[in-house]
Amino acid sequence: MDIQSQLPTYKDYLSLRNLSENSIRAYLFAVQQFFKLYPDLTFSNLQMYKLYLVEHYKPQTVNLRIHALNNFLDYIQWPDGRLLQVRIQQKAFIDHIISEGDYEYLKARLISDEKYLYYFLIRFMAATGARVSEVIQFTVEDVKNGYKGIYSKDNKIRQIYIPANLQQAALQWLKALGRTKGEIFLNPSGTRISPDGIRKQLKRLAARYHLDEQVLYPHSFRHRFAKSFIEHCNDISLLSNLLGHESIETTRIYLRRSSSEQKAIINQIVDW
């Protein structure tokens, strides 16, 4: 098979499915990696590629590559089978989530230091459950409406709701900035802030405020939203919809306690 002739149209196919640029690059990389290692497309070579992945990568990465390659096989309508993903043993706990106390402390420090951009950025992540790639798309119009519609991979629209107290505070902030339309999370140059820039700034804030760098990363605030939601509203199905998970099983991890929470419970109740 002439793989080079397939990739441009495959890339167009992925773009039409509303995948992010990062996802498209990951899909293309997996296909290119396979054909670089095994020029001939045979099921035996597919199995060899799976073994190669298992030997060189973590299970999550292995499954992402397998999913991408299977997607390509579907695209070219290859008839001779697909690779099965590897089974991932899930932890009985979740870690590296910012605690409620550290989250409140961080908000207070950002307000006192007048770092309003990051104050509202972490609030939008922690109070909506949106991914960082979704949060940076919020506009003034979305804040006024109280929600944002995000297209999912299957072309469905998921509503991300802005709580009323956050909506009111954000509107006051935007009014003070004289912003009446357009994206709200901007660099001093007026361009949209990037996820990578946010990650780097959070590391600086962790050092500045003496917080654990391992819990101060963008997805930690999405985890905080989920954990707090479950503690206040034990509706796992609704949470799954709000987070945009394809399977409710993905959401069930938030029913588990962190290892530190487990340890605290053991220390409290075990006296024998």
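The values are calculated or read from the model by the stated rules, or taken from the named source; none is laboratory data. Keep in mind that what you see is a predicted model, and the values were worked out from it rather than measured. So basically every Cβ, Gly included, is an ideal-geometry build from the backbone, and we count neighbours across all protein chains shown. Protein only, heavy atoms only, side chains kept; ligands, DNA and RNA dropped before computing areas. Shrake-Rupley method; radii C 1.70, N 1.55, O 1.52, S 1.80 Å.
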Excluding VAL140 itself, calculate the net charge of residues whose Cβ lies under 13 Å from the Cβ of VAL140, where each Lys or Arg counts +1 and each Asp or Glu counts -1.
-> +2
R0 = 22 Å: FRET efficiency of GLU213 with ALA164, Cβ-based, nearest 0.05?
-> 0.10
Here D for the stretch 149-240, in µm²/s, from Stokes-Einstein with a Kirkwood Rh over Cα pairs at 4 °C and 1.567 mPa s, works out to 80
When the Karplus curve 6.51 cos²θ - 1.76 cosθ + 1.60 is applied with θ = phi - 60°, which whole-Hz ³J(HN,Hα) does each residue of the stretch 61-77 get, with x for Gly and Pro?
-> 5, 4, 5, 5, 5, 5, 4, 5, 5, 4, 4, 5, 4, 5, 4, 8, 6
Sorted largest first, extent of the chain alpha carbons per principal axis (Å) = 63, 61, 35
Could you calculate the contour length gain from THR191 to LEU255, that is, 0.36 nm times the residue separation minus the distance between their Cα atoms, to one decimal place in nm?
-> 19.2 nm
Only Cα pairs under 8 Å and at least 6 apart count here; give the relative contact order of the stretch 34-151 as a rounded whole percent.
-> 15
Write down the accessible area per residue of the chain in Å², having rolled a 1.4 Å probe over the full set of protein chains.
-> 59
Any residue on another chain or 5+ positions along whose placed amide H is under 5 Å from the amide H of TYR147 is listed here as ILE162
Cross-link pairs beyond the 24 Å C-alpha cut-off, checked among LYS115/LYS144; LYS115/LYS181; LYS58/LYS156; LYS107/LYS203 | LYS58/LYS156
How high is the relative contact order of the chain, in percent, with contacts defined as C-alpha pairs under 8 Å that are six or more residues apart?
-> 19
May I ask you to derive the relative contact order of the stretch 180-251, considering only C-alpha pairs under 8 Å and at least 6 residues apart, and to give it as an integer percent?
-> 14
Aspartates and glutamates whose Cα lies under 14 Å from that of LYS36, excluding same-chain neighbours fewer than 8 positions away = ASP2
Using Cα atoms only, what is the angle between the long axis of helix 21-37 and the major principal axis of the chain, expressed in degrees (0 to 90) to the nearest 10?
-> 30
Kirkwood Rh over alpha-carbon pairs of the stretch 68-207 plugged into Stokes-Einstein at 4 °C, 1.567 mPa s gives a D in µm²/s of 73
Diffusion coefficient in µm²/s returned for the stretch 22-134 by Stokes-Einstein, Kirkwood Rh over C-alpha pairs, 10 °C and 1.306 mPa s, is 91
Mind putting together the pair-distance distribution for the stretch 160-199? All Cα pairs, 5 Å bins, whole percent per bin, short to long.
-> 6, 19, 23, 24, 22, 7
Each label sits 7 Å from Cα toward the beta-carbon; between ASP12 and ASP235 the label points are separated, in nm, by 4.4
Okay, helix-only estimate at 222 nm for the chain: each DSSP H run of n ≥ 4 adds -39500 (n - 2.57), divide by all residues, round to 500 deg cm²/dmol; what do you get?
-> -18500 deg cm²/dmol
